[in-house]
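Data block below; observations after.
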Amino acid sequence: MKDTVLDILEDLTGSDEVKKDLDVNLFETGLLDSMATVQLLLELQTQLGVDVPVSEFERSEWDTPNKIIAKVENN
C-alpha cells in the first residue's frame, strides 16, 4: 500500500522527492495544489478503495507522504 501511495504521489507531482523525503510538505513546496489534491483523492479511491470526501479533507492531515500513507492505512 505504501508503494502504491508513493507511486501515485510521484505521478501527480512529477517528482521523486516524495519517495526520498517522506516528511516533505507537499503543499508548502508546491508539489501539490488543489487540483492535484482532487486527483490524489480520486486515485486513492480508484487504486486502493479509499474513499475520502473532499468536504472531509483536512489539508494539514494530508500534507506529507507519511501522513497520507498513515491515513490510507487507517482507513
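Anything in segment 14-59 that is assigned to a helix (DSSP H, G or I), in contact (Cβ under 8 Å) with a residue 12 or more places away in the chain and among the small types (Gly, Ala, Ser)? List them, or say none.
Here is the first cut: in segment 14-59, the residues assigned to a helix (DSSP H, G or I) are 17-20, 34-48, 54-56, 59.
Still in the list and also in contact (Cβ under 8 Å) with a residue 12 or more places away in the chain: 17-19, 36-41, 43-44, 47-48, 54, 59.
If the condition is that a residue be assigned to a helix (DSSP H, G or I), in contact (Cβ under 8 Å) with a residue 12 or more places away in the chain and among the small types (Gly, Ala, Ser), then 36 is the only one that fits.
Based on what the data block shows, is residue 5 surrounded by 15 or more Cβ atoms within 10 Å (Cβ to Cβ), in a helix (DSSP H, G or I), touching a residue at least 40 places away in the same chain (Cβ under 8 Å) and under 9 Å from the mean Cα position of the chain (by Cα)?
Numbers: surrounded by 15 or more Cβ atoms within 10 Å (Cβ to Cβ): yes; in a helix (DSSP H, G or I): yes; touching a residue at least 40 places away in the same chain (Cβ under 8 Å): yes; under 9 Å from the mean Cα position of the chain (by Cα): yes.
So residue 5 fits the description; yes.
For the list (1) surrounded by 15 or more Cβ atoms within 10 Å (Cβ to Cβ); (2) assigned to a helix (DSSP H, G or I); (3) charged (D, E, K, R); (4) modelled with pLDDT of 95 or more, I need the number of the one condition that residue 11 fails.
(1)
Which one is farthest from residue 12 (Cα to Cα), of the residues in segment 32-71 that are among the hydrophobic types (A, V, I, L, M, F, W, C) and open to solvent by 70 Å² or more (accessible area, probe 1.4 Å)?
Step one: of segment 32-71, the residues among the hydrophobic types (A, V, I, L, M, F, W, C) are 32, 35-36, 38, 40-42, 44, 48, 50, 52, 54, 57, 62, 68-70.
Filter again for open to solvent by 70 Å² or more (accessible area, probe 1.4 Å), leaving 35, 42, 54.
Details: 35: 10, 42: 11, 54: 17 Å.
Looking at the filtered set, the residue picked out is 54.
The values are calculated or read from the model by the stated rules, or taken from the named source; none is laboratory data. Just so it is clear, the model here is predicted, and its values are computed rather than measured. Note: ideal-geometry Cβ built from the backbone for every residue, glycine included; neighbour counts use all protein chains shown. All accessible areas refer to the heavy atoms of the entire protein, side chains included, with ligands and DNA or RNA removed. Shrake-Rupley method; radii C 1.70, N 1.55, O 1.52, S 1.80 Å.
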